[in-house]
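What follows is a single structure, written as structure tokens, with notes after it.
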Amino acid sequence: MPTNRNTFSFLARLPRRAASRAVHRGWSWAQRAGAVTAEHPGRLRFGAIGPGTRLAFPQGTVFGEPWIELGAHCVIGEQVTLTAGMMPDLDLGADTVLTLGDGVVLGRGSHVIADTTVTIGSDTYCGPYVYITSTNHSYDDPHEPVGKQWPRMEPVSIGPGCWIGTGAVILPGARLGRNVVVAAGAGVRGEVPDHAVVAGAPARVVRSWDAEKGWQPPLRTPAPVPIPEGVTPEQLLALGEADEARNTP
């Protein structure tokens, strides 16, 4: 039999458990209800938003959405900032300022700041906390605070199929080719050719693809073996369990 003390402790925990369950249920509901899609845009009126695209809740700062076009099947994580123009409520003219192609992924906490044209190609994946901007502060006048000097703006173009690692910064004027890999924490400016891997701050090419020689310098690990067509999830699970059984003493 439990002691009175244990009984009272158990009863005292009941309201906390109920509150915890209620908070989690409420937050799950808010995430579903607050997500932005083409069918349920909420307060946001993008220039275009393709089918299957979803902006997770809570969103970061979003303004200038009439000049933002999002392709189909994009995944926009929580607290992602998307802006067109230097501040809200500006008339930016007839042309789109920020364009995301189909299948673009922006990880949690990323920022895309488009004071002038920024284009992200289809199937480009960004890890969390990536920062892409077409604007940089000027510091020409040594007597004026940097934040009060007129910024410099240059268009940014990111080709299709790129992978941009966590915490990378894509600076004004950057032009990334197709299937470029940007290492985590890199700072990228200028032109990056197709099929290149860049790392560092400032970023430099550390590996590139040659049609005759392949990757140079050569990859240190073998390419992953793709899953054969027709293999079901149940078969994969059975293979994993068999491997685990073989490796268990």
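Mean-square fluctuations from a GNM of the chain, with a 10 angstrom spring cutoff on Cα atoms, peak among Trp67, Trp29, Trp215 at Trp29. Taking amide hydrogens as placed 1.01 Å from N in the peptide plane, the amide H of Val192 sits under 5 Å from those of Arg175, Leu176, Gly177, each at least 5 positions away in sequence or on another chain.
Here the Gaussian network model covers the chain, with springs between Cα atoms less than 10 Å apart; of Ala223, Ala22, Ala48, Ala223 fluctuates the most. Couplings for the range 138-149, taken from phi via the Karplus curve 6.51 cos²θ - 1.76 cosθ + 1.60 with θ = phi - 60°, read 9, 9, 4, 8, x, 9, 10, x, 4, x, 9, 8 Hz in order; Gly and Pro are left as x. Of the residues His143, His137, ranked by 1.4 Å probe accessible area with the largest first, the sequence reads His143, His137. Distance between the pseudo-spin-label points of Arg152 and Gln216 (7 Å out from Cα toward the beta carbon): 3.2 nm. Accessible surface area normalised per residue over the chain is 63 Å², counting heavy atoms of protein chains with a 1.4 Å rolling probe.
To put it simply, the accessible area of the chain at a 1.4 Å probe is 57 percent carbon and sulfur. Only Lys, Arg, Asp and Glu carry charge here, each on its Cβ (+1 for the first two, -1 for the last two); on that basis the range 163-249 has a dipole of about 620 debye about its Cα centre. Taking a ≥ b ≥ c as the square roots of the eigenvalues of the Cα gyration tensor, the chain is classed as oblate, since a/c reaches at least 1.5 and a/b does not exceed b/c.
Using Cβ point charges alone (K and R +1, D and E -1), the dipole size of the chain about the Cα centre works out to roughly 1380 debye. Before anything else, pin down the relative contact order of the range 28-215: Cα pairs under 8 Å, at least 6 apart, normalised by residue count, whole percent. Relative contact order here is 12 percent. Residues Arg175, Arg45, Arg16 ordered from highest to lowest accessible area at a 1.4 Å probe: Arg16, Arg45, Arg175. Among Pro224, Pro155, Pro142, the largest mean-square fluctuation in a Gaussian network model of the chain, built with springs joining Cα atoms closer than 10 Å, belongs to Pro224.
The values are calculated or read from the model by the stated rules, or taken from the named source; none is laboratory data. The model shown is predicted, which means the values in this text are computed figures rather than measured ones. Reconstructed Cβ throughout: ideal geometry from the backbone, glycine too, with neighbour counts over all protein chains shown. In case anyone asks, the SASA skips ligands and DNA or RNA and just uses the protein heavy atoms, side chains included. Shrake-Rupley method; radii C 1.70, N 1.55, O 1.52, S 1.80 Å.
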